[in-house]
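What follows is a single structure, written as structure tokens, with notes after it.
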Amino acid sequence: MNALSIVQTRAGDVCIVTLSGRIDSTNANDVKDELTRLISSGEKSILVDLGAVRYLTSAAFRALLVATHEADHQAANFALCSLGGQVRELFEMGGLLEVFAIHNSREEALKQLGGSVLRAP
Amino acid sequence: MIHAVDVRVRNDVSDIGIVRDILDSLAREFHIPLEALTQLQVALDEVVSNVIKYSWDDGEQHEFLVRITVRPDRVDLEIFDDGREFDPMTAPSPNHAPEGQRHRPGGLGIRMIKELVDHFSYERIDGRNHTTLSKTCKVGTAIQK
């Protein structure tokens, strides 16, 4: 699975964006555009699941940083989850583990972002 | 066994996909380990995108050469371009750009390249940039077709 895929789902008030494949210079703008569109449209909690990402480059990191800043301006929550082994290493190489709100799993992230959501039917 | 492939790339970001796919194809053919392949793909994207973004600013189309060489104990990526001189080895860390100054191109990407590969060098030869990246890994023999 190499081509980038962006799938959006919802858990209560949290908008979950599942990315898969590889995110590089050729497609990082697609990620940035989709995330900033969601934030501009009024989403207040966005969780980006990176569990199925094979790798990402600095272009992808820049896209995530732009989305983080945009979320700050819009007073929205923006978090990442499920970083796999090599993906986590890439965050570490870029010195970016401390820059983003990162959760180990989707479940853990949802508890933080919208505890009440999990109790909804 | 040494196997080299030369790829002509335009200064168009979409062309990165061409050289990326050729590296994937070589990895399948020569059994390059997945972890090394992933590290090479990230480093390749960083170095080639830097050339595309920063080597020319005249708005014209340019071409440059990416050479991928598969050796028994490593994979080399070489980029030859006739754009403006830029030594990536001197690029500062992205977190240490002087206050008020725009980061120099490629700070984050270059920091990652240095971590991802075992050898990273730059030369300016006869008005051309020559950047070399090498990743040490055990490479298999080509699949017989």
Residues of the stretch B:108-127 that turn out to be more than 14 Å from chain A (Cβ to nearest Cβ) and surrounded by 15 or more Cβ atoms within 10 Å (Cβ to Cβ), as a count: 1
How about the stretch B:24-63: which of its residues are more than 9 Å from every other protein chain (Cβ to nearest Cβ) and among the basic types (Lys, Arg)? B:Arg28
If I ask for residues that are hydroxyl-bearing (Ser, Thr, Tyr), in a helix (DSSP H, G or I) and either more than 12 Å from the chain's Cα centre (by Cα) or more than 23 Å from A:Ser105 (Cβ to Cβ) (or both), which ones from the stretch A:35-79 would you list? A:Thr36, A:Ser40, A:Ser58
Please specify each residue of the stretch B:27-69 satisfying the condition of being of a type in the set (Val, Ile, Thr) and under 17 Å from A:Ile23 (Cα atoms). B:Thr38, B:Val42, B:Val47, B:Val48
For the stretch A:1-34, which positions are closer than 19 Å to A:Phe61 by Cα and assigned to a loop (DSSP other than H, G, I, E, B)? A:Asn2, A:Ala3, A:Leu4, A:Asp24, A:Ser25, A:Thr26, A:Asn27
Step by step: first the residues of the stretch A:80-90, then only those that are in a helix (DSSP H, G or I) and touching a residue at least 12 places away in the same chain (Cβ under 8 Å), then the one that is farthest from A:Ser105 (Cα to Cα). Which residue is that? A:Leu90
Top-ranked residue of the stretch A:50-59 - restricted to ones that are within 23 Å of A:Gln112 (Cβ to Cβ) and surrounded by 22 or more Cβ atoms within 10 Å (Cβ to Cβ), ranked as farthest from the other protein chains (Cβ to nearest Cβ): A:Leu50
Can you say whether A:Ala63 is within 14 Å of chain B (Cβ to nearest Cβ), under 28 Å from B:Leu40 (Cβ atoms) and of a type outside the set (S, T, N, Q), as far as the supplied structure shows? yes
Out of contact with any Pro (no Cβ under 6 Å at 6 or more places or on another chain), within 15 Å of A:Val14 (Cα to Cα) and free of Cβ contacts under 8 Å to residues at least 24 places away in the same chain, is that true of A:Glu107? yes
Is there a residue in the stretch A:35-47 that is within 11 Å of another protein chain (Cβ to nearest Cβ) and at pLDDT 95 or above? no
In the stretch B:76-83, is there at least one residue being more than 19 Å from B:Phe120 (Cβ to Cβ), touching a Lys or Arg at 6+ places or on another chain (Cβ under 6 Å), outside any loop (DSSP other than H, G, I, E, B) and more than 14 Å from chain A (Cβ to nearest Cβ)? no
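The values are calculated or read from the model by the stated rules, or taken from the named source; none is laboratory data. No experiment lies behind these values; they were computed from the predicted model shown. Cβ: placed from backbone, ideal geometry, glycine included. Neighbour counts: every protein chain shown.
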